[in-house]
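Every number here is computed from the coordinates shown, using simple stated rules; none is lab data. Quick caveat, the model's predicted, so the values are computed rather than measured. Cβ sites come from the backbone with ideal geometry, for glycine too, and all protein chains shown count toward neighbours.
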Amino acid sequence: MRILLSFMLATALMAGQAQAAKPTEASIKEVFALANTQALITSVEGQVDGMTKNAMQQALKDQPATPQQQKALDKFQARMMAIFKETMSWDKLEPMFVEIYSTTLTQEDVDGIIVFYKSPAGQSFISKMPVIMQHSMGMMQKMMTPMQEKIMQAAKEFGEEMDKLDKLDKKK
């Protein structure tokens with residue numbers, strides 16, 4: 001009886017370990033390749049560039065920039081994008097994503113994702129992902145403009161409140 005219980009316990013433990021096996025780096029990278037993840041990251045760069053340019057224009061909507069100011073803005077925009085591209089390059093993101101997938105997903109999960117991505121529905125999903133991302137970024141940008149205005153107003157009110165408190169402290 002003890003032998004049977006020991007065998008059942010060992011079998012259950014091995015089955016649990018097999019189900020929870022960490023995915024291999026190669027299988028995770030296959031998911032990235034099937035999903036065109038690197039190209040998706042590149043498309044996000046373009047969207048971020050457009051969003052930041054639009055945000056700068058919105059910030060200056062009441063004050064048209066002089067040619068010199070526009071040149072400085074363009075230079076700043078280019079510098080921001082260079083920093084973004086350097087920080088968010090695929091060479092830097094891929095190891096991070098591999099680690100995230102490796103610690104979050106099992107090999108069974110990754111195998112299922114691969115099967116899905118190879119299916120007609122998965123291929124359709126992958127081909128539409130850049131459009132989904134573009135629409136998502138556009139909607140988020142629409143939300144950001146009013147939020148930025150509210151934050152700027154709150155910061156202005158905070159500054160005024162701090163000035164009042166500072167004046168009260170100086171009177172004491």
If you go through segment 69-89, how many residues are of a type in the set (Asp, Glu) and closer than 14 Å to Val48 by Cβ?
-> 1
Among the residues of segment 69-107, how many are among the aliphatic types (A, V, I, L, M) and over 13 Å from Phe32 (Cα atoms)?
-> 9
Options Lys53, Lys29: the member that is out of contact with any Lys or Arg (no Cβ under 9 Å at 6 or more places or on another chain), surrounded by 13 or more Cβ atoms within 10 Å (Cβ to Cβ), touching a residue at least 40 places away in the same chain (Cβ under 8 Å) and of a type in the set (Lys, Arg) | Lys29
Does Ile151 satisfy being touching a residue at least 12 places away in the same chain (Cβ under 8 Å), on the phi < 0 side of the Ramachandran plot, surrounded by 10 or more Cβ atoms within 10 Å (Cβ to Cβ) and of a type in the set (A, V, I, L, M)?
-> no
